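Reading through the structure tokens given below for one structure.
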Amino acid sequence: MPLGIELAAAWEAVLSPFEILEEMKMDLEFLSTDARNIPERHQSIQSILYASWRLLTDTERKAITQLSVFHGFDWDAAVKVCHISSRILLNLVKKCWVHRTEDRRFRIHELLRQFGQKILESDRALRCKTLRQHSRYYCRWLADQKENPWIGERDAIFRAIEKDIDNIHQAIIGAGKHGYIDDIIDIIHPLGGFGSMRGYFGGGEWGFGGGVWFGGGGW
């Protein structure tokens, strides 16, 4: 996003690149300027995104807000979590809201994902429903993995887990916060096997307290 790069670079005089990144993560409105020689529609990323947002249909808007809960996703996850059609996903790809990756997955640019999350937060019912479906999907997917797979199958399973590790992390935290203990119990074995083989235990803190699952820097 050339405009985003330009707006971010303008802060270099007072902030480090790391500080600029942290500000962007907290609030998209950070990427803006009040310079008078720039057209109003180009004075902020928000203005650009809202202009594109208005060109989407209501169904496409709902899909983007729901898909914003993912940290990358595949077709099966999009259908089962967000219940969107192949036509809607195709339209979102054509309109550059969603991108197809080389490993046959999909992703939403981080700035677009933040924008979608902000919209989703304004609809509490839809947000709760989507996050619950996201958590249940990944917990069930993990629980369905074979307990003692062959070495070749195990490697394929571990690679699949690695691709969705951020989604899985979010799903487990969500399940713990809302007291879905059965979902967590079902994934202990497959996640434990993955953690021991891939070294995801370092720095992790796991425990329950007041119905909340506390996740540390790893597993």
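The values are calculated or read from the model by the stated rules, or taken from the named source; none is laboratory data. These numbers come from a predicted model, not from an experiment. Cβ placement follows ideal geometry from the backbone for every residue including glycine, while neighbour counts extend to all protein chains displayed. Heads up: the accessible areas ignore ligands, DNA and RNA and are worked out on the full protein's heavy atoms, side chains in. Shrake-Rupley method; radii C 1.70, N 1.55, O 1.52, S 1.80 Å.
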Point to revise | Exclusive hit being at pLDDT below 90 and outside any helix (DSSP H, G or I), set E162, E147, E153 | key: E147
Check your understanding: Looking at segment 56-103, which of its residues are touching a strand residue (DSSP E or B) at 6+ places or on another chain (Cβ under 9 Å), part of a loop (DSSP other than H, G, I, E, B) and either open to solvent by 10 Å² or more (accessible area, probe 1.4 Å) or charged (D, E, K, R) (or both)?
Key -> H71, G72, D74, T101
Exercise for review: Say whether the condition of being of a type in the set (F, W, Y) and at pLDDT below 95 is met by at least one residue in segment 34-51.
Suggested key: yes
Exercise for review: Could you check, for segment 122-136, whether at least one of its residues is over 23 Å from D74 (Cα atoms), surrounded by fewer than 12 Cβ atoms within 10 Å (Cβ to Cβ), at pLDDT 80 or above and aliphatic (A, V, I, L, M)?
Suggested key: yes
Exercise for review: Would you check which residues across segment 165-192 are touching a helix residue (DSSP H, G or I) at 6+ places or on another chain (Cβ under 6 Å), of a type in the set (D, E, K, R) and either at pLDDT 85 or above or open to solvent by 40 Å² or more (accessible area, probe 1.4 Å) (or both) and list them?
Suggested key: D186
